[in-house]
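Below is one structure, written out as structure tokens; comments come after it.
Laboratory data are not the source of any read-out in this text; all were calculated from the coordinates shown. This one's a predicted model, so the numbers in the text were calculated from it and none came from an experiment. Cβ sites come from the backbone with ideal geometry, for glycine too, and all protein chains shown count toward neighbours.
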């Protein structure tokens, strides 16, 4: 069953308290090389049937209208998850 | 007056809002999120709570509930709509008022009797106040931080759409200390604090006069009655 993946991030200019808390933890672990952390959301939408351009357009619309709130978030990507390669093809 | 209170799955303060309407001398009408029917009410309240578990974002899924198409339509016709706490979040998600809400800046749920300043007495739900009045209304939320981009903030400040501002303490990091806003027309108002919890002596917020004596919330309901008879 194909899966469409939508990724949403809090806007860069907004305070992201979750990310800040994780960044603080990294600093306390002595990992100063990791300067900042931001935490977003990933939606995996299972599709009954094949994914075509019309369906991707519909998901893009839903991503803006429902999955995210444009006042505080940006939709950063909409993509079709690559199928897991089948094993036993004998190529390796 | 018949004032509708919409119950969503996860609403907590719907019956408190109905009770407040009754204490204000008006008739509460219980409305259901899954219906496409406002039963001809004169005004609508979206109550507090955690609709649909506040999954996705606070108020986001509720803003797509069936009855919201009627609420959006009624708001467009000038029917007074009040969103309290989770109801305010729904109004913002439905784009009936400007801005949005994020997690409180300190990441904590907060509950306190909050002092507010009335910044606009020209909305359907605030005309029984004077601009500048200081009132005490209980608040309790986790996702109460009001945010908007700089352009929107400047516009709503200029239009007088900031209805309430936090006084003394900004409890959640809201921009410009904003506790409540209205739409441009002034018939739709949303705020994080709970006026329905400040309507009966003995059960309200603490005031300088006595414990649990605050009834400043009653004037929200007096305001909408004045709006509807005028």
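Could you tell me how far the Cα centroid of the range B:130-159 sits from the Cα centroid of the range A:1-69, in Å?
When both Cα centres are located, 28 Å separates them.
Hey, what's the Cα Rg ratio for the range B:64-131 versus the globular rule of thumb, 2.2 N^0.38 Å? If you can, show how the numbers build up before the last one.
Details: Rg = 14.3 Å, N = 68, 2.2 N^0.38 = 10.9 Å.
Taking the Cα Rg and dividing by 2.2 N^0.38 Å, one obtains 1.31.
Rank the residues B:157, B:93, B:130, A:33 as a footprinting-exposure proxy: fewest other Cβ atoms within 10 Å of their Cβ go first.
Placing the least packed residue first, the sequence is A:33, B:130, B:157, B:93.
Quick one: helix A:17-28 against the long Cα principal axis of chain A, what's the angle to the nearest 10°, folded into 0 to 90?
Between the helix axis and the principal axis of chain A, the angle is about 60 degrees.
Give me P(r) over the range A:3-80, computed from all C-alpha to C-alpha distances, binned every 10 Å, as integer percentages.
It works out to 18, 38, 25, 15, 4, in whole percents.
Report for chain B the percent antiparallel among DSSP-assigned beta bridges with both residues inside it, nearest 5.
Expressed as a percentage, antiparallel bridges in chain B total about 55.
Computed over the Cα atoms of the protein assembly as shown, what is the ratio Rg over Rh, Rh following Kirkwood?
1.04
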